[in-house]
1. May I ask you to derive the relative contact order of the chain, considering only C-alpha pairs under 8 Å and at least 6 residues apart, and to give it as an integer percent?
2. What does the extension gain come out to for residue 316 and residue 67, with contour length at 0.36 nm per residue minus their alpha carbon separation?
3. Given labels modelled 7 Å from the Cα in the Cβ direction, how far is it in nm from residue 614 to residue 649?
4. Along each of the three principal axes of the Cα atoms of the chain, give the extent in whole Å, ordering the values from largest to smallest.
5. First measure r as the distance between the Cβ atoms of residue 93 and residue 331, then evaluate 1/(1 + (r/R0)^6) with R0 = 45 Å and state the FRET efficiency to the nearest 0.05.
6. Taking 0.36 nm per residue of separation and subtracting the Cα-Cα distance, what length does fully extending residue 250 through residue 546 add?
7. Quick one: divide the alpha-carbon radius of gyration of the range 37-134 by 2.2 N^0.38 Å and tell me what you get.
8. If the reach is capped at under 22 angstrom between alpha carbons, list the lysines near residue 291, excluding any in the same chain fewer than eight residues apart.
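Laboratory data are not the source of any read-out in this text; all were calculated from the coordinates shown. Fair warning: this is a prediction, and the values are worked out from it, not measured in the lab. In this analysis, Cβ positions are derived from the backbone assuming ideal geometry, glycine residues included, and neighbour counts consider all displayed protein chains.
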Amino acid sequence: MSTIHYNIIERLSAAITVSLFVVIGCLRAQPGPIDGSQHGRWFKSISTDKAHYCPLSLVTFNVAFRQQVSEKDLVIVYEHLDSVISEDTISLQNADSTSWAWQAPNIDYYGVMAELYLDSSNTVLDHTTIGIDVSSSWKKFPRYGFLSSYPYMPQESIDSIISVLNRYHINGLQFYDWQYKHNEPLAGTVQNPDSVWKDIGNRPTYLSTVDGYIAAAHRRGMMAMNYNLLYGAYSDAFQDGVNVTWSLFTDPNHQSRSYFPLPPPTWASNLYIMDPGSTDWQNYIYAQERKVFLAIPFDGWHVDQLGDLGPEYDYDGNSVFLPGTFTSFLSNAKSQLNVDLVMNAVGQYGQQQIAQAPVDFLYTEVWPPDTTYADLVNIINQNKTYSGGRLATVLAAYMDDISNGSGFFNTPGILMTDATIFAAGGDHLELGEHMLNSSYFPNSGLQMSDTLQRVLVHYYDFMVGYENLLRDGESGAALPLSASIGSSSIPVTQLPQLGGIWGLIGAKDHMMIVNLINFHRAASIKWRDTGGIQTPPDTLGPISLSFSSNSRVVDVWSASPDFHDGAPVNLPFTQTGTSVSVTVPNLLYWDMIVVQYDSTFTAVRKNPNGPPRSFVLHQNYPNPFNPSTTIQYDVPFNTHVTIAVYNVIGEEVGVLVDRYVTAGSHEVAFNASGLSSGVYICTMKANDEFLTNKMVFVK
């Protein structure tokens, strides 16, 4: 069937397979934003059985189709960043759905994007993707969700909610306001906990529902976090063994106890504030929490606080600086309870002290004055500084913040905020039985539209698939950018600015990560979008993006949750001296551009100090091309070199070089006149090294 030798087919198979599908995506009608118009004609749903996987464990995929599928192939390409790591093909006959298992790589904390293609006689009928988090723990890449209501529920209803959260890859759940009392969270005894009790909002809570949620979460690989304040006590807490001398006071003469008002009849009690630095209070509340963990299989304690309460005094009249108590409280809690710990820094209050404690990641509830998109990024960066880059950040940032509102969340506002948080390396606490719109989690007046639910899945897939670029040790970097669309320039700014493009730049290894967020038609730079005024952006493109580099760029690719289902796409670029120009096809909300460079080379083609140090097959330019393109290659010493071009089914279409080549940098032209549009694979064989690149020919 082919003139290419079998062993070369074997070596090219992964590259050819992914190139076939990447180029089909390029050559078909240009996909628009993720609005259902270009996708989902055959694929109804795609899911995995867990939110994250240990290395070498089996990942079970489930796909449902909108119609019966016969005599077609389901091709699955597993990618890490822009590289293919493996592939599967499943033949389908009379199938409404299908499932299969794939063994995760033996690499911990490793993001994978699986691309799925429904293929019929080498024609792609539909395409979708899903992210896979290969991580032995949720602590490095937390994706935090919540639960807030525990009425009597059948297990199938519980499983349905957890299944939806699993599709967003939520790997930890905050069980908000599940407890009986803050100072006595477990109702009943360890041996015989109550079957039902009322929470602080006088809502009935069923033990069977709490247990059912935890069991369902554990089946999906999610952690279950027991929510409670570090210092809250009911007005009748003295009957439960709490001593008034453990309290905090607003005066130095212990005449006025510090409390948070929650008036009846809606609320069971005001919340009185205890001194978290008191050893007696610590021992008391740890004992109460120990009962919880013995009776209910929670995995950890989500510790809450109320922020800056103003001047506080202990019973003896000593001024108490609350953040100064947080580190010891959490350290002692870890020692006595030995469970996972997370603590809320309300408005960043005490975050620096929390970061020095044995918490699993940093959690910030965002309040004014942190009202802009730039403020969200600043908090994430500040948390990196506090923890020395050790700990991830989750932001509880309440969209719209309407306690009793009704209707739907404004989709552009949600996507702009998530794009900002995810691009900066954080996670957004927003998903539970409903989407959060209030600091009191049970408020559920606003709903997610069907469009928002569908689109948001791509954002979470994107965060998972590219977690090693977004959340894994990248550092901030300065890279001045200029951009133009046609003859019109458009500003690329270091801070969000109406009318421009916001450039969030990171660096890792030999890569620059350029996140572009579209503020060209934005209505506001305020992230909360309280009035739902954020407007849908216009799709910009193609954008000519230019920057300077003293190193030689060897590849540029992009991915976006708004296009191509988040799959990676190679971008054409040119480099002349230190000047680099990249063509970005389109920008809706958020594009991630990855510039890969070889730090051992200068930006000029020739190495002034001698021959190149390694074999390099450079990306052809231009790319895509019509009909001619130039291929550069480097040879570190005199040797025989073969450069050939193959089509996507492995047929050789041309040999460009087959001779003894002297050390140095060389180039050769390829003319595709007479060939069909599509992807072609350029190969270079020299001294037992085998290199490949994808080239796109578009007539």
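1. This gives 10 percent for the chain.
2. Additional length available on full extension: 82.3 nm.
3. Placing both labels 7 Å along Cα→Cβ, they lie 3.6 nm apart.
4. 92, 59, 45
5. Values: r = 60 Å, r/R0 = 1.33.
Approximately 0.15, to the nearest 0.05.
6. Working: separation 296, 0.36 × 296 = 106.56 nm, distance 5.82 nm.
Taking 0.36 nm per residue and subtracting the Cα distance, the gain is 100.7 nm.
7. Ratio of Cα Rg to 2.2 N^0.38 Å: 1.07.
8. Residue 291 reaches 181, 198, 334.
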